[in-house]
Amino acid sequence: MSKSALNPATTKVTRHFDRHDWASGYCNVEKELNNVRVQPLRGTIPKELCGFFYRNGPGRLERNGQRVHHPFDGDGMITSLHFKESQLKLSNRFVQTEGWQQEEEAGKFIYRGVFGTQKPGGAIANAFDLRFKNIANTHVVKLGDQLLALWEAAGPHALNPITLETYGLSNLNGVLKEGEPFSAHPRFDPGHHGTRRMVTFGVKTGPKSTVRLMEFETEGKNAGQLISSRKDSFNGFSFLHDFAITPNWAIFLQNAISFNPLPFILGQKGAAQCLSSKPGSKGKFLLIPRDCGIFAGQEPRSFDAPDGFVFHHLNAWEQNKQIVVESIHYPDFPEVGPQDDFLTMNFDQIPAGILSRCEINLASKQVITTRFSDQCCEFATTNPLKQGRHARYSWMAIAERKEGYAPLQAIKKLDLVNLEQSIWSAAPRGFVSEPLMIPRPNSHVEDEGWILVLVWNGSRRGTDLVILNANNLKEEALIELPISIPHGLHGSWVNES
């Protein structure tokens with residue numbers, strides 16, 4: 001066994017991490033590979049695991065000696081892991097956006113970053129330059145015959161799902177107008193209305209915000225075609241990264257956030273750094289009827305949300321005239337100011353995300369909130385076949401410490417009914433990303449399948465792919481990948497055709 005190989009936790013004792021191990025995961029990707037076969041260091045790849053694991057995240061974090069101010073400003077890079085007959089092949093390519101090509105040619109940053117990255121030259125050089133670069137770095141999904149690299153402030157980039165070649169910006173066959181935003185967090189309806197659908201949205205923000213809700217076919221000859229579209233406007237600025245669905249509703253949480261654009265206009269801050277919590281204001285749950293549901297055509301409904309901030313939702317479902325929404329709640333909006341260095345931030349000052357459940361009574365408008373634990377977590381997921389229905393099990397990335405913020409180093413399976421849990425840990429030198437749950441083919445058992453997770457191995461300064469049994473989180477295989485993939489964002493699974 002390699003001395004650098006990660007080992008699962010064998011003790012319940014919290015093991016402290018080294019900040020340099022964590023920080024080393026924010027690195028440039030230095031090469032692009034095509035169909036490179038990789039073998040497990042230990043274990044075997046399950047034969048039933050057959051398809052593509054696509055993952056997106058920042059891949060270019062430095063240019064000409066200048067590091068991005070925040071990793072969310074890094075250019076998107078897609079990794080494809082193709083599983084077939086217990087074999088695995090890896091490909092990776094940068095999303096060749098117009099801005100990426102221009103900066104590659106210039107050898108330096110020529111665009112400002114939404115999260116604070118500045119062009120060389122200080123505030124004077126950045127003032128009144130309100131252009132932004134579509135960095136296509138947040139999520140990747142397959143729709144029809146194209147792979148879409150997503151970034152919520154603009155339209156999607158279309159890629160070849162096999163070669164990862166970038167075709168360019170896509171308007172989805174005329175669905176999107178030029179410059180229209182398209183969410184980086186779609187949801188996939190597993191078949192509540194007969195066929196599997198992709199449900200997504202776009203937000204036009206301002207003193208009054210407009211949400212466009214869209215649904216697309218994902219199967220058969222009409223895959224990729226728009227099924228329905230509706231627009232609804234709400235008072236106030238909306239920061240909406242994620243949402244949840246049930247058979248009848250699309251559920252958003254409009255955080256109590258204000259936006260002061262003046263520092264951005266004057267070149268002092270990135271646009272996202274101009275967001276702040278709005279004292280004395282309440283967030284709102286916004287329930288928009290889906291056009292395929294029993295409330296189609298009705299007006300949206302609004303309910304007071306608990307205090308705090310939400311990036312990601314786990315799931316939602318309907319029961320007894322209630323909507324139940326499970327989300328990761330932060331006590332406040334996590335800001336990274338112009339003078340902050342994300343690599344040296346004081347973790348004790350960063351708010352921790354906590355998994356919570358909100359029960360919304362549609363009649364009384366009462367909202368009851370329950371916390372599952374005090375342990376910091378992110379990227380919670382369910383069996384995708386349970387999307388929009390009550391799910392018993394969830395898998396998520398967690399910190400090793402029991403309270404407060406810390407880097408994510410373990411995967412937890414949580415029974416949402418009796419709160420029993422299993423944990424696989426990469427600590428002390430490993431750092432986990434978003435877990436992806438792949439159901440076992442033809443199985444009706446909710447927790448039967450696999451968890452795929454990319455792990456930054458601080459010991460060898462590289463990335464490992466770990467395959468876990470979804471039921472008990474026992475490791476089935478560990479593969480040391482031939483490229484170093486920085487800490488990233490979201491991914492998806494596509495079954496072999």
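Residues that are in contact with an Asp or Glu (Cβ under 7 Å, 6 or more places away or on another chain) and either closer than 22 Å to residue 23 by Cβ or small (Gly, Ala, Ser) (or both) within region 478-488 comprise 480, 481, listed in sequence order. Suppose we filter region 118-128 for residues that are within 18 Å of residue 274 (Cα to Cα) and either part of a loop (DSSP other than H, G, I, E, B) or touching a Ser or Thr at 6+ places or on another chain (Cβ under 9 Å) (or both); how many remain? So the answer is 4.
Within region 371-381, the set of residues being surrounded by fewer than 22 Cβ atoms within 10 Å (Cβ to Cβ) and either under 21 Å from residue 245 (Cβ atoms) or of a type in the set (Phe, Trp, Tyr) (or both) comprises 372, 378, 381.
Applying the criterion of being touching a residue at least 60 places away in the same chain (Cβ under 8 Å) and assigned to a loop (DSSP other than H, G, I, E, B) to the residues of region 306-343, the residue that is nearest to residue 370 (Cα to Cα) is 306.
Please go through region 173-184 and pick out each residue that is more than 17 Å from residue 97 (Cβ to Cβ) and either touching a residue at least 24 places away in the same chain (Cβ under 8 Å) or surrounded by 14 or more Cβ atoms within 10 Å (Cβ to Cβ) (or both). Matches in region 173-184: 173, 175, 183.
Suppose we filter region 131-148 for residues that are within 20 Å of residue 70 (Cα to Cα) and over 11 Å from the mean Cα position of the chain (by Cα); how many remain?
Selection size over region 131-148: 6.
In region 409-445, of all residues being basic (Lys, Arg) and assigned to a strand (DSSP E or B), the one that is surrounded by the most Cβ atoms within 10 Å (Cβ to Cβ) corresponds to 413.
Filtering region 379-394 to residues that are outside any loop (DSSP other than H, G, I, E, B) and not β-branched (Val, Ile, Thr) leaves 379, 380, 384, 385, 386, 393, 394.
For region 26-72, a tally of residues being within 11 Å of residue 486 (Cβ to Cβ), of a type in the set (Ser, Thr, Tyr) and crowded, with 22+ Cβ neighbours inside 10 Å returns 0. Filtering region 187-198 for residues that are out of contact with any strand residue (DSSP E or B) (no Cβ under 7 Å at 6 or more places or on another chain) and farther than 22 Å from residue 316 by Cα leaves an empty set.
Kindly indicate which of 106, 127, 23, 123 is within 21 Å of residue 481 (Cα to Cα) and among the aliphatic types (A, V, I, L, M).
Values: 106 fails: within 21 Å of residue 481 (Cα to Cα); 127 fails: within 21 Å of residue 481 (Cα to Cα); 123 fails: within 21 Å of residue 481 (Cα to Cα).
Testing whether each residue is within 21 Å of residue 481 (Cα to Cα) and among the aliphatic types (A, V, I, L, M) leaves just 23.
Rundown of residues vs (1) in contact with a Phe, Trp or Tyr (Cβ under 7 Å, 6 or more places away or on another chain); (2) aliphatic (A, V, I, L, M); (3) within 19 Å of residue 173 (Cα to Cα), yes/no style:
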position: 205; (1), (2), (3): yes, no, no
position: 209; (1), (2), (3): yes, no, no
position: 230; (1), (2), (3): no, no, yes
position: 244; (1), (2), (3): no, yes, no
position: 271; (1), (2), (3): yes, yes, no
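Cβ-Cβ contacts under 7 Å between residues 6 or more apart (or on different chains), taken from a first residue in region 409-431 that is more than 9 Å from residue 395 (Cα to Cα) to a second residue that is of a type in the set (Lys, Arg) and part of a strand (DSSP E or B), are listed as 421/412; 421/413; 422/413; 423/412.
Here's the yes/no breakdown for (1) surrounded by fewer than 22 Cβ atoms within 10 Å (Cβ to Cβ); (2) over 30 Å from residue 36 (Cα atoms):
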{"residue": "147", "(1), (2)": "no, no"}
{"residue": "156", "(1), (2)": "no, no"}
{"residue": "171", "(1), (2)": "yes, yes"}
{"residue": "195", "(1), (2)": "yes, yes"}
{"residue": "212", "(1), (2)": "yes, yes"}
{"residue": "222", "(1), (2)": "yes, yes"}
{"residue": "234", "(1), (2)": "yes, yes"}
{"residue": "252", "(1), (2)": "no, yes"}
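Only one of the numbered conditions (1) hydrophobic (A, V, I, L, M, F, W, C); (2) free of Cβ contacts under 8 Å to residues at least 60 places away in the same chain; (3) over 17 Å from residue 88 (Cβ atoms) is not met by residue 453, and that is (3).
Please pick out the residue among 397, 406 that is part of a loop (DSSP other than H, G, I, E, B), touching a Cys at 6+ places or on another chain (Cβ under 7 Å) and not polar (S, T, N, Q).
Details: 397 fails: part of a loop (DSSP other than H, G, I, E, B).
From the options 397, 406, the qualifying one is 406.
Quick one: which of 102, 96 is modelled with pLDDT of 95 or more, within 22 Å of residue 140 (Cα to Cα) and either touching a Cys at 6+ places or on another chain (Cβ under 9 Å) or of a type in the set (S, T, N, Q) (or both)? Step through it out loud before you land on a result.
On the way: 102 fails: within 22 Å of residue 140 (Cα to Cα).
Within the list 102, 96, the selection yields 96.
Within region 463-497, track down each residue that is of a type in the set (Gly, Ala, Ser), under 21 Å from the mean Cα position of the chain (by Cα) and modelled with pLDDT of 95 or more. Answer for region 463-497, where residues must be of a type in the set (Gly, Ala, Ser), under 21 Å from the mean Cα position of the chain (by Cα) and modelled with pLDDT of 95 or more: 470, 484, 491, 492.
The values are calculated or read from the model by the stated rules, or taken from the named source; none is laboratory data. Bear in mind the structure is a predicted one, so any value in this text is a computation, not a measurement. We place every Cβ from the backbone using ideal geometry, glycine too, and count neighbours over all the protein chains shown.
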